[in-house]
Amino acid sequence: MNKIVEGILNNDINMIDKARRENPQLPNEREQGLTAVYYAAKYGNLEVNRFMIEKTMSKLNMLDDKKRSVLFYAVEGGDLEVCKYYVERVGHSPLTCDIDGITAFEYAKQLGKEDIVKYFEEYCGFKYEEGYKNPIRRGFFPDPSIVRVGEDYYMVNSSFVYFPCIPISHSKDLVNWQVIGHAITNPDWAELEGLDGGRGYWAPDISYYKGRFYICATYRNNDNEKLVRRQMVTSSEKPEGPYDKPVFIDVDGIDPSIFNDDDGNRYMVLNRGASIFRLSEDAKERVSDVTLLYYGDNKKASEGPHILKKDGWYYLFQAEGGTGVNHMISVSRSRELYGIYEPCPFNPVMTYKELHSPYIRRCGHGKPVMTPDGRWFIVYLCGRLLDEKYTVLGRETCLDELVWTPGTDGDGGWSIINKGRGASAFAKYPLKKHTLKDNTDEDFDGKEIPSVWYSLRGRNEDTFKIENSRLIIKGGKEELDSTDCGSVLLRRQESFDFTAEAEGEIYPAEGGSGGLTCYYDENSFFTFGIKKEEGKTYVEVWEKIGYNKKLSCREEISGTGFTFKIITKGLKRSLFINGRSVYTIEDTSYLSDEGVELPKRFTGAMVGMYCTGEGSKAEFERFKITAEP
């Protein structure tokens, strides 16, 4: 055993001192994966810990295999004074989290260390029950934009080729959200037919002007089209809609937002960098040339620009660095809208910080909002990696507080997000908690398809019907690997571990199939269904991984009524039919942004029901998802 560790376990400072003098590097050698200071935090008294920190060469920026700091081990040890020392003198925050998103604050609560919990509450300024977890919108909710009207908050997110297009969510407290509508609900207006996965509606923005809500977004066409990128605008008197028929402005660029200045002029801001042009009063037309305001502070992949005016300054928020681990938010400002923008000295004001939040990465693309009492918060894009590699859930939405440095001599100050520590995993509720139950209908008792369900590239009324409390999907001739396949209904995967169950009857025509699917795009999915071929009925599992498609499992089966179950544990998916195990897919990493080397992988894993083959029919009584905590 490492002599320093032995000294720690015996609370023998003389033994520790002798060992570190003989070998000054010994404190940082690992014993069963941990350096000596971890043992001190868990087993040593305050004097031992002070000696280790102040008299040895112990490194304090090292993390264990779960990305936990020594504070977690002090919590395990249960010595309040040791915990205080690591917080107040060493500087470890109780709000720093591990790779699973658990903070030292929450860990103390899990272990029942109530005296430490009470101390953490005092230090952090809020009780445990007053905390919320990031991300606030889990699963495929990328590129958030937000607006407040009165005491209500509205947010939109990208939808790409899914229909209805651009979900609109509502909240009273900035944490709990409910989808209340969509910007495009008429399939004839969507113009999604034939688009490749990852195209469609990108990075929407929502704003409010003279009693109307405006939503704009980039319409991203296929690469082989003459006009690849256009800007869509629609509006409504009600936040939930219905929204007007979209108009398209033929200006190249992505990630548009609308800025309404004090003088009544209206503008659209979009990339390249942050470029701007003036809009007509109804925001349907461009009425000026496009001008570059500022390319960005980082100079890489500047996008997602938003302008707000505060204290006589125009503040420009931009996403930069690309949407991978180096994603970030930078800020610049100018006294004049078309003036010279200077970068914030604290840039990037948001990006991934491993020591503080190894759980939440890809932090960028955000828009601030002010509460009625004058405080500021920002919603922004993030991603959580499974096995340190795969963004299976897609890009999600986080929330953190934004504060402004004090302004002097007309200086409006600069913005700082979450004290510069990157994303928070656990933070104080910004407003009084106001829970809104999201639509998680398990059955189909209503007259319309519940809003949690999305179809691909539009929706044919003849394909989906609800009759006698059953969802009926009529099979089409195209398979799921075709951009013309429209007989699929999907919902977001919101947890790494979950169970999906469905009950129904499958009536496949010759060559047709119906059942469940776990889906990313037309190049990444698997189907778990019932197929008819040469008069026989089979249960089959097909996997599409990039350009390769393979039959992974096939066995003959009888009957028409089936209970499907998919148990997901990370990348592993175990498939059951009528209570019997059929097949296990050990690796579904292809259901992630990084899992297949193809372009424009910006969405996230979905799960749902499908039916293919002309003359085929699938009837589902119930579909239930149970997520693991």
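The values are calculated or read from the model by the stated rules, or taken from the named source; none is laboratory data. Only a predicted model underlies this, so the values are computations on that prediction, with no experimental measurement involved. No Cβ is skipped: glycine too gets one built from the backbone with ideal geometry, and neighbour counts run over all protein chains shown. These accessible areas exclude ligands, DNA and RNA; they are computed on the full protein's heavy atoms, side chains included. Shrake-Rupley method; radii C 1.70, N 1.55, O 1.52, S 1.80 Å.
Results, tabulated for the structure shown:
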{"quantity": "Test for GLY194: is it part of a loop (DSSP other than H, G, I, E, B) and either touching a Leu at 6+ places or on another chain (Cβ under 7 Å) or not polar (S, T, N, Q) (or both)", "calculated": "yes"}
{"quantity": "Selection within region 291-306 - without any contact (Cβ under 8 Å) to a residue 60 or more places away in the chain and either under 14 Å from CYS216 (Cβ atoms) or surrounded by 15 or more Cβ atoms within 10 Å (Cβ to Cβ) (or both)", "calculated": "LEU293, TYR294, TYR295, GLY296, ASP297, ASN298, ALA301, SER302, PRO305"}
{"quantity": "Strands (runs of 3 or more DSSP E) enclosed by region 236-296 - at least 1 residues per element that are within 26 Å of the chain's Cα centre (by Cα) and closer than 26 Å to VAL349 by Cβ", "calculated": "254-260, 266-271, 274-279"}
{"quantity": "Region 223-248, residues that are farther than 23 Å from ASP152 by Cα and either in contact with a helix residue (DSSP H, G or I) (Cβ under 6 Å, 6 or more places away or on another chain) or open to solvent by 10 Å² or more (accessible area, probe 1.4 Å) (or both)", "calculated": "ASP223, ASN224, GLU225, LYS226, LEU227, VAL228, ARG229, ARG230, LYS245, PRO246, VAL247, PHE248"}
{"quantity": "Scan of region 94-117 for residues that are in a loop (DSSP other than H, G, I, E, B) and crowded, with 22+ Cβ neighbours inside 10 Å, ordered by number", "calculated": "PRO94, LEU95, THR96, ASP98"}
{"quantity": "Condition met for LYS353 (out of contact with any Leu (no Cβ under 6 Å at 6 or more places or on another chain), open to solvent by 10 Å² or more (accessible area, probe 1.4 Å), under 17 Å from ALA427 (Cα atoms) and among the basic types (Lys, Arg))", "calculated": "yes"}
{"quantity": "Matching residues, region 480-503, being closer than 11 Å to CYS611 by Cβ and either part of a loop (DSSP other than H, G, I, E, B) or at pLDDT below 95 (or both)", "calculated": "LEU480, CYS485, GLY486, SER487"}
{"quantity": "Residue list for region 576-614, restricted to those being open to solvent by less than 10 Å² (accessible area, probe 1.4 Å), outside any loop (DSSP other than H, G, I, E, B) and of a type in the set (Gly, Ala, Ser)", "calculated": "GLY608"}
{"quantity": "Unmet requirement for GLY44, which otherwise passes all of (1) at pLDDT 90 or above; (2) surrounded by fewer than 23 Cβ atoms within 10 Å (Cβ to Cβ)", "calculated": "(2)"}
{"quantity": "Single match in GLY570, GLY579 (criterion: of a type outside the set (Asp, Glu) and under 30 Å from CYS382 (Cα atoms))", "calculated": "GLY570"}
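Per-residue answers, yes or no, for (1) without any contact (Cβ under 8 Å) to a residue 60 or more places away in the chain; (2) open to solvent by 10 Å² or more (accessible area, probe 1.4 Å); (3) under 19 Å from the mean Cα position of the chain (by Cα); (4) over 30 Å from PRO372 (Cα atoms):
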position	(1), (2), (3), (4)
SER171	no, no, yes, no
VAL179	no, yes, yes, no
THR185	yes, yes, no, yes
LEU195	no, no, no, yes
GLY198	no, no, yes, yes
TYR208	no, yes, no, no
GLY211	yes, yes, no, no
TYR214	no, yes, no, no
ASN221	yes, yes, no, yes
